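Colleague: Attaching a single structure in structure tokens format; questions to follow.
The values are calculated or read from the model by the stated rules, or taken from the named source; none is laboratory data. Everything quoted here is computed from the prediction, not taken from an experiment. Note that we place each Cβ from the backbone using ideal geometry, even for glycine, and neighbour counts take in every protein chain shown.
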Amino acid sequence: MALLIKNGRIVTSTDELEADIYCDGETITRIAPRIDLPSTVDVETIDAAGKFVFPGFIDPHVHIHLPFMGTYAKDTYESASKAALAGGTTTLIEMCCPSRTEEPLEAFELWCSKAVGLAACDYTFHMGVTRFDASTEQQFRAIVNQGISSFKIFLAYKGAFGIDDTELYHTLMLAKELGVIVTAHCENETAVFERQQALLTAGQTGPEYHEPSRPPLVEAEGVHHLMTFAQLTGAHIYVVHTSCDEAIQAAQAARYHGVSAWMETVVPYLVLDKRYAEQPEFEGAKYVMSPPLRDVRHQVVLWDAIRSRLISTVATDHAPFDFRGQKEMGRNDFTKIPNGIPSVEDRVNLLYTYGVNKGRIDRNTLVDSASTQAAKLFGLYPRKGTIQLGSDADLVVYDPDYRGTISAATQQMDVDYSAFEGWPIEGRPSVVTVRGQVQVRDGQFTGTLGRGQLLTREPTHF
Ligand code: URP
Ligand code: ZN
Ligand code: ZN
């Protein structure tokens, strides 16, 4: 059936206009001040009067299937994609993170199999390069040929996902050759390890010591390290989950010298700070992620960098671990607390409430940072990331008058806590479509599991 969205205010990364949108099948085919159809046309009409119409939001950094720190992240594609859609996110880019002993092609197939038949929204992957040698190189070439045009590397997590400098160099060389952008977790893993051991030896075992074990300098060194290798190889790089002033400055300095570097931050850093991880009775474990939540002074820097578009994207780094039974694995040793904060459902509402409504960013910047830039950087634009003729009909009819509260009791993410429990939100998606099909109405998933498709992407020849 066709879809007609009437009377809304369309918001893109650059413009706003009052217009109707007509979608024939999966695609936007007309945008006009007023579209009236003959009564013979079989169409679902949605009245968006008083509401904004945003392009479907894209979360370019999520973890769904994640074997990590002796356990697995909680969500499945069913729970994660329903949660994403309820929060206005219509495309997920998941990190495919094999261990160093797994074969990349087998891992890629495993990650794909977790989504097929369950995903309610579209998805693709950043392919994790956790081991680079002659054999894996051939497999990465094959994976890129299958439409995966971005890699993920870790300069952190010593002994797990982390790669050494030889692997880093050759990964970037391959990426440059293939036209692949490399997303990177930047922290100096040796410095982290040594500081963790010193803190534990001194009896400092609680979640409040997670941040001191990996301070801003450790992150900035990781960014600087990556920038040096990017400058040497000419690869295009994307720093994930940038948390602090020092890391931004390291990337900015490299950009000044011509390095093709982009930055992502994630929503927890914008609204939470390290005091949350310092709460007593192990409550702080809910707020352990890496890089860690920082001193509150970094939030101003991050918001300013989004507003000036120095930071390109705001993702989530959604990585859900239950408090009971999973975070608790680190009760006597903060280095054993599974790292991650769930937020795929909350990102857009938090950005709208604490960003747009507080005057920190405007609506165009919201769309740019939470949708358009991810589409452009990762080869999805203009199919995704905007509202224009020929784009997929992924649309979010957003109600700015909605008032509600975030709570684990009502969330769709399969995790036993919310990092934002009791927080008010001012605004919520009232209708969300995926390629022309309504999947969410009034915060509730009403659509079809399995509608989501694997999005294949072309390499970019830089
Ligand atoms: O704490 C985090 N960020 N957990 C997920 C894994 C990662 O580093 O992205
Ligand atoms: Zn990371
Ligand atoms: Zn991550």
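Colleague: Can you find even one residue in region 175-189 that is in a helix (DSSP H, G or I) and under 20 Å from S290 (Cα atoms)?
Modeller: Let us first name the residues in region 175-189 that are in a helix (DSSP H, G or I), namely 175-178, 189.
Right, trim to under 20 Å from S290 (Cα atoms) and you get 189.
Taking every residue of region 175-189 in turn, at least one turns out to be in a helix (DSSP H, G or I) and under 20 Å from S290 (Cα atoms).
Colleague: Restricting the search to region 325-363, which residues are small (G, A, S) and within 13 Å of the chain's Cα centre (by Cα)?
Modeller: First, the residues of region 325-363 that are small (G, A, S): 325, 330, 340, 343, 355, 359.
G340, S343, listed by residue number.
Colleague: Could you count how many residues in region 290-318 are within 16 Å of ligand 3 (Cβ to nearest atom) and not in a loop (DSSP other than H, G, I, E, B)?
Modeller: Residues flagged as within 16 Å of ligand 3 (Cβ to nearest atom) and not in a loop (DSSP other than H, G, I, E, B) within region 290-318 amount to 4.
Colleague: Which one is surrounded by the fewest Cβ atoms within 10 Å (Cβ to Cβ), of the residues in region 47-66 that are out of contact with any Pro (no Cβ under 9 Å at 6 or more places or on another chain) and more than 23 Å from E264 (Cα to Cα)?
Modeller: So, considering only residues that are out of contact with any Pro (no Cβ under 9 Å at 6 or more places or on another chain) and more than 23 Å from E264 (Cα to Cα), the one surrounded by the fewest Cβ atoms within 10 Å (Cβ to Cβ) is A49.
Colleague: To continue, here is another question. Modelled with pLDDT of 95 or more, outside any strand (DSSP E or B) and surrounded by 22 or more Cβ atoms within 10 Å (Cβ to Cβ), is that true of A84?
Modeller: Numbers: modelled with pLDDT of 95 or more: yes; outside any strand (DSSP E or B): yes; surrounded by 22 or more Cβ atoms within 10 Å (Cβ to Cβ): yes.
Yes.
Colleague: Would it be correct to say that E219 is crowded, with 19+ Cβ neighbours inside 10 Å, more than 16 Å from ligand 3 (Cβ to nearest atom) and under 24 Å from D273 (Cβ atoms)?
Modeller: Details: crowded, with 19+ Cβ neighbours inside 10 Å: yes; more than 16 Å from ligand 3 (Cβ to nearest atom): no; under 24 Å from D273 (Cβ atoms): yes.
So E219 does not fit the description; no.
Colleague: Still on this model: Against the definition (over 30 Å from Y352 (Cα atoms), touching a strand residue (DSSP E or B) at 6+ places or on another chain (Cβ under 6 Å), more than 16 Å from ligand 3 (Cβ to nearest atom) and without any contact (Cβ under 8 Å) to a residue 60 or more places away in the chain), how does I148 come out, yes or no?
Modeller: Values: over 30 Å from Y352 (Cα atoms): yes; touching a strand residue (DSSP E or B) at 6+ places or on another chain (Cβ under 6 Å): yes; more than 16 Å from ligand 3 (Cβ to nearest atom): yes; without any contact (Cβ under 8 Å) to a residue 60 or more places away in the chain: no.
Here the answer is no, as I148 does not meet what is asked.
Colleague: Among the residues in region 188-198, are any surrounded by fewer than 18 Cβ atoms within 10 Å (Cβ to Cβ) and touching a Leu at 6+ places or on another chain (Cβ under 7 Å)?
Modeller: Within region 188-198 (the criterion being surrounded by fewer than 18 Cβ atoms within 10 Å (Cβ to Cβ) and touching a Leu at 6+ places or on another chain (Cβ under 7 Å)), the answer is no, since none of the residues qualifies.
Colleague: Which of the residues belonging to region 40-75 are within 16 Å of ligand 2 (Cβ to nearest atom) and either in contact with a Phe, Trp or Tyr (Cβ under 9 Å, 6 or more places away or on another chain) or of a type in the set (V, I, T) (or both)? Can you show your working first?
Modeller: First pass over region 40-75, keeping only residues within 16 Å of ligand 2 (Cβ to nearest atom): 59-69, 73.
Passing the criteria: P60, V62, I64, H65, L66, F68, M69, A73.
Colleague: Further, regarding this structure: Sort through Y209, Y256 and tell me the only one that's aromatic (F, W, Y) and without any contact (Cβ under 8 Å) to a residue 24 or more places away in the chain.
Modeller: From the options Y209, Y256, the qualifying one is Y256.
Colleague: Test of understanding: among V271, V266, V239, which residue is within 16 Å of ligand 2 (Cβ to nearest atom), closer than 21 Å to L350 by Cα and in contact (Cβ under 8 Å) with a residue 40 or more places away in the chain?
Modeller: Values: V271 fails: within 16 Å of ligand 2 (Cβ to nearest atom); V239 fails: closer than 21 Å to L350 by Cα.
Residue meeting the stated conditions: V266.
Colleague: Here's a follow-up. Going through region 186-206 one residue at a time, which ones are closer than 15 Å to L168 by Cα and either free of Cβ contacts under 8 Å to residues at least 60 places away in the same chain or touching a Ser or Thr at 6+ places or on another chain (Cβ under 7 Å) (or both)? Explain how you work it out, then say what you get.
Modeller: From region 186-206, those closer than 15 Å to L168 by Cα are 186-189; that's our starting set.
Scanning region 186-206 gives E187, N188, E189.
Colleague: With the requirement that a residue be part of a loop (DSSP other than H, G, I, E, B), touching a Leu at 6+ places or on another chain (Cβ under 7 Å) and of a type in the set (V, I, T), what does region 38-81 give you?
Modeller: Here is the first cut: in region 38-81, the ones part of a loop (DSSP other than H, G, I, E, B) are 38-42, 48-51, 56, 63-66, 69-70, 73-76.
Now restrict to residues that are touching a Leu at 6+ places or on another chain (Cβ under 7 Å): 56, 73, 76.
Within region 38-81, T76 is the sole residue that qualifies.
Colleague: May I pose another question? Looking for something touching a Ser or Thr at 6+ places or on another chain (Cβ under 6 Å) and aromatic (F, W, Y) - is there at least one such residue anywhere in region 157-173? Before you say what the answer is, go through the steps one by one.
Modeller: Here is the first cut: in region 157-173, the residues touching a Ser or Thr at 6+ places or on another chain (Cβ under 6 Å) are 161, 172-173.
Adding the requirement that they be aromatic (F, W, Y) leaves 161.
Taking every residue of region 157-173 in turn, at least one turns out to be touching a Ser or Thr at 6+ places or on another chain (Cβ under 6 Å) and aromatic (F, W, Y).
Colleague: Going residue by residue through region 123-144, is there one that turns out to be within 16 Å of ligand 1 (Cβ to nearest atom), over 19 Å from the mean Cα position of the chain (by Cα) and surrounded by fewer than 18 Cβ atoms within 10 Å (Cβ to Cβ)?
Modeller: Step one: list which residues in region 123-144 are within 16 Å of ligand 1 (Cβ to nearest atom), which gives 125-130.
Those still in the list that are over 19 Å from the mean Cα position of the chain (by Cα) too: 130.
Now narrow it down to the ones that are surrounded by fewer than 18 Cβ atoms within 10 Å (Cβ to Cβ): none.
Looking through region 123-144, none of the residues is within 16 Å of ligand 1 (Cβ to nearest atom), over 19 Å from the mean Cα position of the chain (by Cα) and surrounded by fewer than 18 Cβ atoms within 10 Å (Cβ to Cβ).
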